[in-house]
2 protein chains.
Amino acid sequence: MEFKEKYQSLADLANSYMDNEIQENEGLEKTIYSAMRYSILAGGKRLRPVLGLAVAELFDSPPGPVLPYACAVELIHTYSLIHDDLPAMDNDDFRRGKATNHKVFGDAVAVLAGDGLLNHAFESMLKYTLSSAQTREDYKKKVNAMQLIAQSSGVKGMIAGQVIDIESEGKKLSPHALKYMHKCKTGALIRASVIAPAILCDATQDQIKSLGDYADNIGLAFQIKDDIMDVESSLEVMGKPQGSDAELGKSTYVTIFGAEESKKMLFEITNNAIDSLSIFGTKSEFLIGIAKYLANRNN
Amino acid sequence: MEFKEKYQSLADLANSYMDNEIQENEGLEKTIYSAMRYSILAGGKRLRPVLGLAVAELFDSPPGPVLPYACAVELIHTYSLIHDDLPAMDNDDFRRGKATNHKVFGDAVAVLAGDGLLNHAFESMLKYTLSSAQTREDYKKKVNAMQLIAQSSGVKGMIAGQVIDIESEGKKLSPHALKYMHKCKTGALIRASVIAPAILCDATQDQIKSLGDYADNIGLAFQIKDDIMDVESSLEVMGKPQGSDAELGKSTYVTIFGAEESKKMLFEITNNAIDSLSIFGTKSEFLIGIAKYLANRNN
């Protein structure tokens, strides 16, 4: 229970920050705020900001100075889900057990709500940087963290993965291409969730290397677990219809390697993630807990 | 001819920068690069970067240190056009006389190409900031410029305008609402095109005030001229079918104030823009030229 409570307390910090960051607005443009809030407050694991706050704690930093960057990653993640769900893309009606953004607000507003969240991710980080940075070194590490996040969410990261995903529908991907797609689509931003906070906390190169290995492994494990659940879980648990990837003709770890082999890979990769943290000793307990949680979750 | 040549030389600087910034890519994700390049290299007036470079010159700054920020605004402008043209939004088949992005690459890739350009705007500015900033003051003004751009393109600026635009289709807007919509939709980013470079060039508060008045006036003039041309020009000249705003039931300056009154407003507002620059004396000649060009253009 201790892990769950701690995880929830960090997720709550992120939720409060985002709730405050994107408030209702009564102007002529109020719909865009409602649409952004709808998806931001629709729940979800908050994995990315929780990872960032866990890294802050690893370095004995209070959450405050990391929170705006950790939550910006979540805003980016959320925008990508809104756009992914559009009829033009995956055409999903449900997300996290709720109607998708475009089913509630229409396609046009959903496009703009996604754009708005992506834009706001940078707007909020830049605003916080401007109000908080003191020294040249302080500016430098904050700009460095933002640049890493930008690179991870862009065409060298998440968006590259999305376009490969779309173009591979109905085709069988090679194991190499599948891995590359997921490294871009989910791995890059998960890595940034861990490394950007480490940069903000003045991590050494060795520490960044270890945390990078941890992040890459949990990113991969996250996707393999998702693919396993897609064929094994129900709408009730997953928040989306079972087997929806297979229905779209998408290559997954399960369709390429089979369910048993995928489960074996998940186990090994999770252990690799845990091993990467050895230089941190007992301080890495919570990050280890996250790796185990991701491998054992059922949604 | 001198004005035109100078305008073109600054537009060429922006074109070269963007051509180099978003190159072809031969990876699995190559489509996203092609789609981004298609819209980036599809021409256009390059008003926003030209304004930025003109401001740099006003302050005797070389173009180099302003170019990444000036072009980031153009990347943002271009992404907004790609998303605006989508079937989910305005459903336009032509832009600048060429097929729109989604007509060439499909809706899914067009959504991602827009996302990619928005993301890249921040990625490229942050990368340049990280590689160029020397002192604390240098970082500060660069972060300040980026923050202004982010705010202008987000839900307090351009995106607010877009959502009001969409929701007002088929409704008659009040003159106040029409003005507010355009101030957000096109005015905010044009203002940022002028003010962000001024911040980078260490402009004083008085200078920023004057340039802000100039930018607000040319932003408004730009829209009024667009509305006048929409009813008066042909596909050949405008690159989109004549009267397409009216067809969508959109309120414009012409539908609300009439063509004659709109032309009178355009004349007055252009003069206001020119008057705002008086504190700069003869150095503002080129910015005055831009104001006149915007009022007299036919595309």
Completion exercise
hull vol. (C-alpha, convex hull) per residue for the stretch B:15-136, Å³ -> 112
Exercise for the section: Find how many whole Å separate the alpha carbon centroid of the stretch B:148-165 from the alpha carbon centroid of the stretch A:68-145. Expected result: 14
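How large is the helix-only mean residue ellipticity at 222 nm for chain B, computed as the sum of -39500 (n - 2.57) over DSSP H runs with n ≥ 4, divided by its residue count, in deg cm²/dmol to the nearest 500?
On the way: 16 runs with 213 residues, N = 299.
Mean residue ellipticity, 222 nm, calculated: -22500 deg cm²/dmol.
Can you list, largest first and rounded to whole Å, the semi-axes you get for the protein assembly as shown by taking the square root of 5 times each eigenvalue of its Cα gyration tensor? Working shown, then result.
Numbers: eigenvalues 360, 150, 85 Å².
Those come to 42, 27, 21 Å.
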Practice task
Between the label point of residue B:259 and that of the same position in each other copy, find the distances and list them shortest first in nm, with every label point placed 7 Å from Cα along the Cα-to-C-beta direction.
Solution key: 7.0
Practice task
Determine the principal axes of the Cα atoms in the stretch A:2-296, then give the extent along each, sorted from largest to smallest and rounded to whole angstroms.
Solution key: 53, 53, 36
Fill in the blank from the handout: Filtered hits (aspartates and glutamates, Cα-Cα < 15 Å from residue B:6, offset >= 8 within chain) -> B:57, B:285
Fill in the blank from the handout: Fewest to most Cβ atoms within 10 Å: A:125, B:229 sort as B:229, A:125
Fill in the blank from the handout: Share of Cα-Cα pairs in the stretch A:132-223 beyond 16 Å, whole percent, is 58
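Would you work out if the stretch B:71-186 is rounded, prolate or oblate? Take a ≥ b ≥ c from the square roots of the eigenvalues of the alpha-carbon gyration tensor; rounded if a/c is under 1.5, else prolate when a/b is larger than b/c, oblate otherwise.
Values: a/c = 3.30, a/b = 1.44, b/c = 2.30.
It is oblate, given that a/c is not under 1.5 and a/b is not larger than b/c.
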Exercise for the section: Enter the mean number of other protein chain beta carbons within 10 Å of the beta carbon of each residue in A:31-41, as an integer. Expected result: 2
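How do A:285, B:26 line up, fewest other C-beta atoms within 10 Å first?
Values: A:285 15, B:26 7.
Neighbour counts put them in this order, fewest first: B:26, A:285.
Which pairs, out of B:98/B:171; A:171/B:103; B:45/B:209; A:225/A:250; A:30/A:156, put more than 27 Å between their alpha-carbon atoms? If you can, show how the numbers build up before the last one.
On the way: B:98/B:171 30 Å; A:171/B:103 23 Å; B:45/B:209 25 Å; A:225/A:250 16 Å; A:30/A:156 33 Å.
Check vs 27 Å cut-off fails for B:98/B:171; A:30/A:156.
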Completion exercise
For residue A:23 and residue B:296, extending 7 Å from Cα along the Cα-Cβ vector and measuring point to point gives, in nm, a value of 4.8
Fill in the blank from the handout: Output for the stretch A:129-172: trypsin sites (Lys or Arg not before Pro) sitting in coil per DSSP, at most 12 other Cβ within 10 Å, listed by number, reads A:171, A:172
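Quick test of the membrane-span-like rule: which DSSP H helices of chain B reach at least 24 Å along their long axis (C-alpha atoms) with mean Kyte hydropathy at least -0.5? Don't jump to the answer; show the numbers that get you there.
Working: long enough: B:2-21 (29 Å, -1.21); B:67-85 (27 Å, 0.43); B:107-132 (37 Å, 0.50); B:136-153 (26 Å, -1.03); B:205-232 (40 Å, -0.40); B:259-276 (26 Å, -0.56).
Counting only whole DSSP H runs, the qualifying helices are B:67-85, B:107-132, B:205-232.
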Fill in the blank from the handout: Going fewest to most other Cβ atoms within 10 Å around each Cβ, B:105, A:3 line up as A:3, B:105
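FYI, it's all coordinate maths here, none of it is from the lab. All of these numbers come straight from a predicted model, not from anything done at the bench. Because the Cβ atoms are built from the backbone with ideal geometry, glycine has one as well, and the counts that use them run over all protein chains shown.
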